[in-house]
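Encoded as structure tokens, the structure appears first; notes follow it.
The values are calculated or read from the model by the stated rules, or taken from the named source; none is laboratory data. Values in this document were obtained by computation on a predicted structure and should not be read as measured data. Note that each Cβ is placed from the backbone with ideal geometry, even for glycine, and that neighbours are counted across all protein chains shown.
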Amino acid sequence: MPLAPPAFALDPAALEAAVTPRTRALLLNSPNNPAGRVFTREELAAVAALCQRHDLIAVTDEVYEHIVFEGEHVPLASLPGMRERTVTISSTGKTFSLTGWKIGFTCAPAPLAAAVRAVHQFVTFCIATPFQHAMAAALSAGDEYFATLTADYRARRDRLCLGLVEAGFDVLRPEGTYFALADIRPLGYTDDVEFCRRLPEAVGVAAIPASAFCAAGSPTRHLVRFAFCKRDATIDEGIARLRRLRRQ
């Protein structure tokens, strides 16, 4: 199929095998960038069980929590036994398009929150006070705002994904986030880095190689990431340019 759901799933056995006596924390990103996966409640329950079995702290990147198209976003901290061992990270940059402000927030039990503040003191400097007040105001938005946000991004997702299929790619339709992975093999390419380096010069479009997000040797060299956090006209122009690849 040229248009398919994401094929990335959490493997409990692989997670278990990755834990060593030195492991102290687990990092989880859902909704996931770049895969577009929104991990299911069953997958997250397996992560929660692993954390409790090995006494691990969970640090969760949930910055796309309000940009979910399929399934539901389940905060890991909401599962039994996880509130006291989870640091949840979110971002107003994604939810409210305040990207350039570089401002977000964490939720954690008091001992973990104190540790976060101690680290934060030495890694972040110039988050202006007015931005923090603005973020607090944004977080008071009503349900209508979040419903509109999701609907708008779902329409852009469908616009980009269908356009990419028409341009010759196979596409993994994302369940969340504002990124989509496309398979470059139908166009005759197999190396994502080589393809992404060539793309701007060839047709004036930029993409990100999926291998940039993965460990060396990961079987993702045929996938590239496109973003649809753009105006409809920009998405349409990008698709029109990508269609030229079939003629080259």
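Annotations for the structure displayed:
- Per the listing Arg157, Arg173, the residue uniquely among the charged types (D, E, K, R), surrounded by 11 or more Cβ atoms within 10 Å (Cβ to Cβ), in contact (Cβ under 8 Å) with a residue 24 or more places away in the chain and in contact with a helix residue (DSSP H, G or I) (Cβ under 7 Å, 6 or more places away or on another chain) is Arg173.
- Restricted to the stretch 115-135, and to residues there that are small (Gly, Ala, Ser) and surrounded by 11 or more Cβ atoms within 10 Å (Cβ to Cβ), the residue that is nearest to Arg83 (Cα to Cα) is Ala115.
- Test: residue in the stretch 15-27 that is at pLDDT 95 or above, under 19 Å from Gly176 (Cβ atoms) and outside the structural domain of Phe226 (by TED's automatic domain parsing): yes
- Qualifying residue in the stretch 77-92 (condition: among the β-branched types (Val, Ile, Thr), in the same structural domain as Leu15 (by TED's automatic domain parsing) and modelled with pLDDT under 95): yes
- Listing of helices (runs of 4 or more DSSP H) fully contained in the stretch 5-104 that carry 3 or more residues being crowded, with 18+ Cβ neighbours inside 10 Å: 41-53, 92-95
- Among residues of the stretch 198-248, those that are surrounded by 13 or more Cβ atoms within 10 Å (Cβ to Cβ), among the basic types (Lys, Arg) and farther than 23 Å from Gly176 by Cβ, counted: 5
- The residues on offer are Phe146, Phe195, Phe122, and the sole one that is in a helix (DSSP H, G or I), out of contact with any His (no Cβ under 6 Å at 6 or more places or on another chain) and more than 26 Å from Gly238 (Cβ to Cβ) is Phe122.
- Residue among Arg246, Arg225, Arg221 that alone is more than 16 Å from the chain's Cα centre (by Cα) and not in a loop (DSSP other than H, G, I, E, B): Arg246
- Pairs, first not assigned by TED's automatic domain parsing to the domain that holds Lys94 and polar (S, T, N, Q) in the stretch 140-152, second at pLDDT 95 or above and surrounded by 11 or more Cβ atoms within 10 Å (Cβ to Cβ), C-beta under 9 Å, six or more apart: Thr150/His66; Thr150/Ile67; Thr150/Val68; Thr150/Phe69
- Selected residue [on the phi > 0 side of the Ramachandran plot and touching a residue at least 24 places away in the same chain (Cβ under 8 Å)] from Gly238, Gly204: Gly204
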